[in-house]
Protein chains: 2
Amino acid sequence: MRVNALRAFKAEFFRALAHPTRIGILEILAGSDRTVQQLQAALGADQPTVSQQLAVLRAKNIVAARKAGTTVHYSVRDPLVADLLAIARRIFNNQLIGSQSLLRELQRETRRR
Amino acid sequence: MRVNALRAFKAEFFRALAHPTRIGILEILAGSDRTVQQLQAALGADQPTVSQQLAVLRAKNIVAARKAGTTVHYSVRDPLVADLLAIARRIFNNQLIGSQSLLRELQRETRRR
DNA sequence: GGATAATATCTATATATTAATATATGCGAG
DNA sequence: CTCGCATATATTAATATATAGATATTATCC
């Protein structure tokens, strides 16, 4: 039964998304490619943190790195990741009925797209 | 900035999916509701394992439990979860080019739906 | 070559997750 | 009421992950 191997693989993929910084990175990259510096600024995170979380996403082949001189540009490998995040957003939206403040922020985000 | 709180929340959601058994449970429940016993049989997992992973999904409000006498029927709360898994499947499909055996199994699964 | 900027990796410690096993709870049958 | 089945929870040891900080690598400029 390699259904199990497949499920382990899927679980690994979702685990790669299971971190606030990595979610942030993907949300930003879903819009357009960015350098590490830009990600640092947009996330308000320090350099090693961003770089380390990028390494996780790279290891899972979710993002790609393109080197240009001393800076590195990152992009999402599969545009479907943006769709995935969009569906996830709708699920949160349904789920958060009752948690007003988070819900408001989520709706603001949904409108923006 | 409660964008961060929101991202933490999203990360938690994905963490709930980040386990082979839980993926299995959701794939099965996406088809139709099942009792714990049915899940045990379908997954080939023992009772405490299934129950424990169901508890995780319950805690995140991803599944709902309905008690009928001594047995408990589980269902997925939001039908969008099935869509999420379907998109994830397409992402794996793109990503797995090169890993032939897993890819074959994945395509078999995609065809089935 | 040396200095500097951008990015990556490592290390140590704290914390979380898992798997296996044991035990507890609730309910229906008789 | 008590027995047995279905499910849930607790416990513990092993493993994995996160976080913060220090350090290493790489390319560019002089």
- Note on the structure: Inside the stretch A:76-107, the number of residues satisfying the requirement of being at the interface with chain B (Cβ under 7 Å from one of its Cβ atoms) and either modelled with pLDDT under 80 or in a loop (DSSP other than H, G, I, E, B) (or both) is 5
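Looking at A:G69, is it away from every other protein chain (no Cβ under 13 Å) and under 20 Å from B:F14 (Cβ atoms)? Before you say what the answer is, go through the steps one by one.
Values: away from every other protein chain (no Cβ under 13 Å): yes; under 20 Å from B:F14 (Cβ atoms): no.
The answer is no for A:G69.
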- Taking into account only those residues within the stretch A:32-44 that are within 14 Å of chain B (Cβ to nearest Cβ) and surrounded by 13 or more Cβ atoms within 10 Å (Cβ to Cβ), which is nearest to B:R7 (Cα to Cα)? A:L43
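In the set A:Q53, A:Q47, which member is of a type in the set (S, T, N, Q), surrounded by 19 or more Cβ atoms within 10 Å (Cβ to Cβ) and more than 10 Å from every other protein chain (Cβ to nearest Cβ)? Before the answer, list the steps.
Numbers: A:Q47 fails: surrounded by 19 or more Cβ atoms within 10 Å (Cβ to Cβ).
It is A:Q53.
For the stretch B:1-75, which fully contained helices (runs of 4 or more DSSP H) count at least 2 residues that are within 11 Å of DNA strand C (Cβ to nearest atom) and in contact (Cβ under 8 Å) with a residue 12 or more places away in the chain?
Numbers: elements: B:3-17, B:20-31, B:36-43, B:47-59.
Passing ranges, in order: B:3-17, B:20-31, B:47-59.
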- Item | the stretch B:1-21, subset small (G, A, S) and at the interface with chain A (Cβ under 7 Å from one of its Cβ atoms), residue farthest from B:Q53 (Cα to Cα) | B:A5
- Please work out which residue is surrounded by the most Cβ atoms within 10 Å (Cβ to Cβ), limiting yourself to the stretch A:11-31 and to residues that are at pLDDT 95 or above and more than 13 Å from DNA strand D (Cβ to nearest atom). A:L29
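The values are calculated or read from the model by the stated rules, or taken from the named source; none is laboratory data. Source: prediction; values computed, not measured. Every residue, glycine among them, receives a Cβ derived from its backbone with ideal geometry; neighbour counts consider all protein chains shown.
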